[in-house]
Amino acid sequence: MGRLDGKIALVTGGNGGIGLATAKEFVSEGAYVFITGRRKAELEAAVADIAKNVSGVQGDVANLEDDRLFARIKQDKGKLDIVFANAGVARYSSLGEITPELYDSIFNINVKGLLFTVQKALPLIPEGGSIILNASIVGSKGLPANSVYSATKAAVRSFARTWTTDLKGRGIRVNAVSPGSIDTPGLGDLLASSDAGEQRRKFISTRGSSRQARQTRGDSQISSVSRLRRRELLSPGSNCLSMGDLRKFKSRNATWLTQPRTKLGRSDSSSIR
């Protein structure tokens with residue numbers, strides 16, 4: 001018997017990377033999962049890959065007029081026990097070169113799209129439900145050419161705190177996960193897109209690039225999401241760090257990253273995402 005038997009889950013951006021891997025994990029634990037994605041071919045391939053207990057609904061979280069997703073969930077299952085708001089984009093641009101178009105393209109998906117995805121899901125989430133937001137360690141760091149993307153992830157982290165208080169009367173848990181660099185097709189495309197990305201790729205490569213290491217870092221992120229759903233973390237609103245390639249990063253103020261961690265879900269005051 002799986003830990004998520006009878007549960008209904010939604011994973012946005014579930015057609016690849018972290019979203020797809022998490023959807024697979026949810027299904028393996030007994031959940032029925034709805035996944036979303038903008039590209040039809042990739043979405044269909046993801047559904048075929050998961051193979052059972054899954055439905056794919058094409059859509060763009062930034063398109064607020066498109067309500068097909070939640071109409072489908074309501075019609076087919078009538079509820080949502082788990083929402084993993086994972087869809088997001090990243091693009092590099094240094095201060096002085098940021099355009100309104102770049103700003104809007106990132107904020108429309110990472111902040112506005114995430115917010116209204118969760119808000120539209122609320123009528124379907126019962127007492128005891130779980131909302132998990134995919135943030136990032138960059139929300140608390142100062143990486144070059146990352147100011148717009150980092151700001152969106154800081155906003156996501158803030159949503160987890162404030163929505164915890166908004167929803168405490170309904171018993172709905174809200175948490176954020178903050179992965180480091182996880183080896184996904186999206187990250188590969190991003191790193192190849194600019195000089196800043198190439199510099200970041202070189203930084204990552206010096207901190208372990210074997211296939212096994214990359215898989216372990218991805219598994220760490222998936223495990224973090226599963227732990228949050230199973231309520232193994234004590235604090236609603238907490239931020240679950242999944243350090244990825246930054247686990248080996250050291251500085252005078254960040255040596256704790258290399259220390260064994262027996263409990264996930266530290267408050268954001270200790271997060272360096």
For this session: Go through segment 1-34 residue by residue and tally those that are in contact with a Lys or Arg (Cβ under 8 Å, 6 or more places away or on another chain), surrounded by fewer than 19 Cβ atoms within 10 Å (Cβ to Cβ) and closer than 20 Å to Arg72 by Cβ.
Result: 0
Problem set entry | Residue among Gly13, Gly17 that is within 18 Å of Val118 (Cβ to Cβ), in contact (Cβ under 8 Å) with a residue 12 or more places away in the chain and of a type outside the set (Lys, Arg) | Gly13
Seminar exercise, completed: Among (1) surrounded by fewer than 20 Cβ atoms within 10 Å (Cβ to Cβ); (2) closer than 25 Å to Ile35 by Cβ; (3) modelled with pLDDT of 95 or more, Ile131 falls short only on (1)
Problem set entry | Odd one out for Asp66 among (1) farther than 20 Å from Val174 by Cα; (2) touching a helix residue (DSSP H, G or I) at 6+ places or on another chain (Cβ under 7 Å) | (2)
Problem set entry | Every pair of residues 6+ apart whose Cβ atoms lie under 6 Å, when the first sits in segment 67-78 and is more than 13 Å from Thr117 (Cα to Cα) while the second is surrounded by fewer than 12 Cβ atoms within 10 Å (Cβ to Cβ) and aromatic (Phe, Trp, Tyr) | none
Seminar exercise, completed: Of the candidates Gly2, Gly88, the one satisfying the condition of being small (Gly, Ala, Ser), touching a residue at least 24 places away in the same chain (Cβ under 8 Å), under 23 Å from Gln119 (Cα atoms) and not in a helix (DSSP H, G or I) is Gly88
Problem set entry | Criterion violated by Ala21 - all others in (1) modelled with pLDDT of 95 or more; (2) in a helix (DSSP H, G or I) satisfied | (1)
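Would you check if there is a residue in segment 135-158 being closer than 30 Å to Lys74 by Cα, free of Cβ contacts under 8 Å to residues at least 12 places away in the same chain and assigned to a helix (DSSP H, G or I)?
Within segment 135-158, the first condition is being closer than 30 Å to Lys74 by Cα, and the residues that meet it are 135, 152-153, 155-158.
Subsequent filtering for residues that are free of Cβ contacts under 8 Å to residues at least 12 places away in the same chain retains 158.
Narrowing the set further to residues that are assigned to a helix (DSSP H, G or I) leaves 158.
Checked against the condition, which is being closer than 30 Å to Lys74 by Cα, free of Cβ contacts under 8 Å to residues at least 12 places away in the same chain and assigned to a helix (DSSP H, G or I), segment 135-158 yields at least one hit.
State all residues of segment 65-85 that are assigned to a loop (DSSP other than H, G, I, E, B) and not basic (Lys, Arg); if no residue qualifies, say none.
Glu65, Asp66, Asp67, Gly78, Leu80, Asp81
The values are calculated or read from the model by the stated rules, or taken from the named source; none is laboratory data. Just so you know, these numbers come straight off a predicted model, no measurement behind them. Note: ideal-geometry Cβ built from the backbone for every residue, glycine included; neighbour counts use all protein chains shown.
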